[in-house]
Amino acid sequence: MRVAFLGATKGMGRALARLMAERGDTICLLGRNDADLERSAADLSVRGAADPVPSVVCDLEKPETFASAIDAARETLGGLDAVVVTAGVFATQDELEADPALAEKLVRINFSNTVMFCEAAKKALLEEGGGALCVFSSVAGERGRKPVIIYGAAKAGLTRYLEGLDHKHHADGLRVVTVKPGFVKTSMTAGLDPPPFAGEPDAVAQRVLGAIDRGAPVVYAPAPWRPIMAIIRAFPRAIMRRINF
Amino acid sequence: MSEPPLSTLSGWGRHSARGRERLGEDLERISADVNLSRGLGRSYGDASLPPDDEPDVLNTTFADRILGFDEDTGLFRAESGLALSELNRLLMPRGYFSPVSPGTKFVTLGGMVAADVHGKNQHKDGNFGDHVTSLKMRVADGRVLECSPQQHPDLFRATIGGMGLTGHILEVEFGMHRIPSQWIWQESRRIHNIDEFQDALEESAPEWPYTMGWIDCLARGKNTGRGILMTGRWAEADQAPSRAPKPGFQPRLRFDWPSWVLSGLTIRLFNELFYRKQWRLRSSGIVSHESFYYPLDAIDSWNRMYGRRGFTQYQCVLPREAGQSSARRVLDVLTARGGASFLCVIKDFGRESRGVLSFPRPGITLALDIAVRDDTQELVDALNEQVLQEGGRIYLAKDSFTRREHFEAMEGSRLDEFKAIRDRWDPNRRFRSAQSVRLLGD
């Protein structure tokens, strides 16, 4: 599989890219920090990816770079079978309320810019005759919840966009995989108290890779978050007003 | 960002402190204003715990990228949070193994340098630090620099075995060893007493790259120090099964055992059974490297066996000059005080390491697992006094009870050299741990 990967240097993206490297997929890394990309490229090539692993600078804050970055990746890979997006930013509701500029940036990166990146990726994949577009959204987008109001809203928007993309282009061979991680122990959530069913990045990566291979449209990870979110979606408003989850 | 609350951090022996771990992939960025690193928390005592007045510690485990590996020379470089278990998983199938491995694979490269770990091949290959070619560090004045035997050699030597007190270890470069298979040809042999044990270790040393022994330390009198000697070497490809060893089921202790479970009686029973298991004088065969190297890793969280109060491992080295009877004298102190050790390990050391404060020296090392009880401090004091008389010293990666005056007396001029190097690199003693407060008065 030839994969363009935005966000492979950290967290769940790092874990997923390693699994792909170990089974011999060809990866092109996309990210904003050249030195950091180079370190991940070295790691992935020792783990079994092609040596050297190519990388292209692409910043989620700069939508004007998206199309050219994806084209460059497609060219180095000699085609494209999948695009993976795990990049994004996280901040707690308290932090976002205290800092409107941060809130604006988070919504822009996690929603508008990610959508624009996916638009460019979709175009490239459709030109290739189809392929997988795997994007990390979040269970936070499933219901308006007190601890993740703004973050959750951006992820809810992203989830709906990906759903629509799947409806429109499934017949064209585009396999949109929406990943909805629950709480996963990464540097993004470091310092937060892990709830029950907190996941490990490696286990999440295993599930996600399976979903990409099958072309499953939606994957919750770790698995218990699917029934948990089903229950939370069913809660009446009166309860949601009362609980702090 | 608001600071997360303090939580309880603990060493492998369950010795704990209040602290806060800072986690992240980019160690260079997040190490600037913290004053101690920790990895997987497998040092037994308080070496990886922050001092009371400074709760923040860097956790390196998210910084685990491999930065280079040369299949021809074996030269390997990675970020310091890479776990040995991951290194084994990736490179053993390609015929490479760490030049030195401790008795657990759940350690980080940074921790292996900081404790200058040794393994069953110490008598032949020395310590892990002997194979390190270069370290990238963040030092007290904020600089990030490379040190090696050629570049800042004083910092390099003090960092190997320096328990993290010279700075943050960010990257580690060392030479991997080639192995012919992932299997070990192992021979075990019943040993009747401590004198026979030391002779047997000495005899095996030239012939076997890996040696260690288990001692039944409840046996007394003429049986003192009876046990089983285990020796091994990598099986050649034509001796070994062609498949790789399969990782077995790893049970996990999910709760603390009540302290009465490990009573004198159960410890006696376990030790007796373990000794009787080797009913033949000698036996041999092919075993997986996991069962040879990491028998205790087979049970996840085995330290919970010791209950909430945890345990301490007392490990000392007795110099060759002290004579063969020194090991018996130390075991006698243990048994005279009624101290029961669940597990007791013996191993010979061949040489000193290059690290200023590294543990090994030519002689015999004993490692005793001791459940923490009300009298543990007195027991450790008594053992330390005996070890001092023998001219020996203790292993900082295991320690949580040694008193400062004992430590200073054991280390003597080595400690002076370590302090002099710290004076050059960290005159204000930025880098401190709960252990350095206890033993160095930081």
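The values are calculated or read from the model by the stated rules, or taken from the named source; none is laboratory data. These figures come from a predicted structure and were not determined experimentally. Positions of Cβ are backbone-derived with ideal geometry, glycine not excepted, and every protein chain shown enters the neighbour counts.
Brief remarks follow.
- The residue of region B:46-83 that is farthest from B:P99 (Cα to Cα), among those that are under 19 Å from the mean Cα position of the chain (by Cα) and surrounded by fewer than 24 Cβ atoms within 10 Å (Cβ to Cβ), is B:T61.
- From the list A:P236, A:P196, A:P217, A:P227, the one residue that fits, being under 20 Å from the mean Cα position of the chain (by Cα) and over 16 Å from A:V148 (Cβ atoms), is A:P217.
- Check on B:E196, more than 23 Å from B:L40 (Cβ to Cβ) and of a type in the set (D, E, K, R): yes
- Hey, A:T86 within 18 Å of A:V3 (Cα to Cα), of a type in the set (S, T, N, Q) and touching a residue at least 60 places away in the same chain (Cβ under 8 Å) or not: yes
- Taking the listed residues B:G350, B:G355, the one that is more than 26 Å from B:F270 (Cα to Cα), within 17 Å of the chain's Cα centre (by Cα) and surrounded by fewer than 24 Cβ atoms within 10 Å (Cβ to Cβ) is B:G350, with no other qualifying.
- Selection within region B:25-45 - surrounded by fewer than 19 Cβ atoms within 10 Å (Cβ to Cβ) and of a type in the set (G, A, S): B:A32
- Close pairs (7 angstrom Cβ cut-off, 6 or more residues apart or separate chains): part of a loop (DSSP other than H, G, I, E, B) in region B:344-364, modelled with pLDDT under 95 and buried (at least 22 other Cβ atoms within 10 Å of the Cβ) anywhere: B:P360/B:S353
- Taking the conditions (1) of a type in the set (D, E); (2) within 20 Å of A:G215 (Cα to Cα); (3) within 13 Å of another protein chain (Cβ to nearest Cβ) in turn, A:E127 satisfies each one other than (3).
- Here is the figure for region A:167-195: residues that are within 14 Å of another protein chain (Cβ to nearest Cβ) and free of Cβ contacts under 8 Å to residues at least 40 places away in the same chain total 5.
- The set of residues in region B:316-338 being crowded, with 22+ Cβ neighbours inside 10 Å and more than 25 Å from B:V132 (Cβ to Cβ) consists of B:L318, B:S326, B:A327, B:V330, B:L331, B:L334.
- Filtering region B:377-423 to residues that are under 19 Å from the mean Cα position of the chain (by Cα), within 25 Å of B:A340 (Cβ to Cβ) and of a type in the set (D, E, K, R) leaves B:R393, B:K398, B:D399.
Residue-wise test of (1) within 29 Å of B:G45 (Cβ to Cβ); (2) out of contact with any Asp or Glu (no Cβ under 7 Å at 6 or more places or on another chain); (3) touching a residue at least 24 places away in the same chain (Cβ under 8 Å); (4) of a type outside the set (K, R).
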position	(1), (2), (3), (4)
B:T108	yes, yes, yes, yes
B:H123	yes, no, yes, yes
B:K136	yes, no, yes, no
B:A140	yes, no, yes, yes
B:E187	no, yes, yes, yes
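- Taking the listed residues A:A35, A:A91, the one that is of a type in the set (G, A, S), out of contact with any helix residue (DSSP H, G or I) (no Cβ under 7 Å at 6 or more places or on another chain) and within 14 Å of chain B (Cβ to nearest Cβ) is A:A35, with no other qualifying.
- Subset of region B:251-276 that is of a type in the set (K, R) and closer than 25 Å to B:I228 by Cβ - its residue that is surrounded by the most Cβ atoms within 10 Å (Cβ to Cβ): B:R268
- Region A:196-214 - residue that is surrounded by fewer than 16 Cβ atoms within 10 Å (Cβ to Cβ) and not in a helix (DSSP H, G or I) and, of those, nearest to the other protein chains (Cβ to nearest Cβ): A:E200
- Listed conditions (1) within 18 Å of the chain's Cα centre (by Cα); (2) surrounded by fewer than 17 Cβ atoms within 10 Å (Cβ to Cβ); (3) more than 14 Å from every other protein chain (Cβ to nearest Cβ) are all met by A:G78, apart from (1).
- Candidate set from region A:47-75 (those that are within 11 Å of another protein chain (Cβ to nearest Cβ) and at pLDDT below 95); member that is surrounded by the most Cβ atoms within 10 Å (Cβ to Cβ): A:G48
- Here B:D300 clears all of (1) in contact with a strand residue (DSSP E or B) (Cβ under 8 Å, 6 or more places away or on another chain); (2) at pLDDT 80 or above; (3) surrounded by 15 or more Cβ atoms within 10 Å (Cβ to Cβ) except the condition numbered (3).
- Here A:L44 meets each of (1) over 24 Å from A:P181 (Cα atoms); (2) buried (at least 21 other Cβ atoms within 10 Å of the Cβ); (3) within 13 Å of another protein chain (Cβ to nearest Cβ); (4) touching a helix residue (DSSP H, G or I) at 6+ places or on another chain (Cβ under 9 Å) with one exception, condition (1).
- Of the strands (runs of 3 or more DSSP E) contained entirely in region B:13-106, those carrying at least 1 residues that are within 18 Å of B:V132 (Cβ to Cβ), hydrophobic (A, V, I, L, M, F, W, C) and within 14 Å of chain A (Cβ to nearest Cβ) fall at B:66-69, B:75-79.
- Unique match (being surrounded by fewer than 16 Cβ atoms within 10 Å (Cβ to Cβ) and under 21 Å from B:L366 (Cα atoms)) among B:E202, B:E207: B:E202
- Residue in region A:9-30 that is within 14 Å of another protein chain (Cβ to nearest Cβ), buried (at least 18 other Cβ atoms within 10 Å of the Cβ), within 20 Å of the chain's Cα centre (by Cα) and assigned to a loop (DSSP other than H, G, I, E, B) present: yes
- Matching option when the condition is within 24 Å of A:I243 (Cβ to Cβ) and either within 13 Å of the chain's Cα centre (by Cα) or not polar (S, T, N, Q) (or both), among A:G141, A:G164, A:G129: A:G141
- Of the helices (runs of 4 or more DSSP H) that lie entirely inside region B:374-442, those containing 2 or more residues that are over 23 Å from B:R14 (Cα atoms) span B:376-390, B:404-411, B:413-425.
- Unique residue being more than 22 Å from the chain's Cα centre (by Cα) and in a loop (DSSP other than H, G, I, E, B) when the list is B:E203, B:E207: B:E207
- The requirement of being in a strand (DSSP E or B), farther than 29 Å from B:M176 by Cβ and within 20 Å of the chain's Cα centre (by Cα) is satisfied by B:L9.
- Number of the exception - B:R280 against (1) exposed (fewer than 12 other Cβ atoms within 10 Å of the Cβ); (2) at pLDDT 90 or above; (3) not polar (S, T, N, Q): (2)
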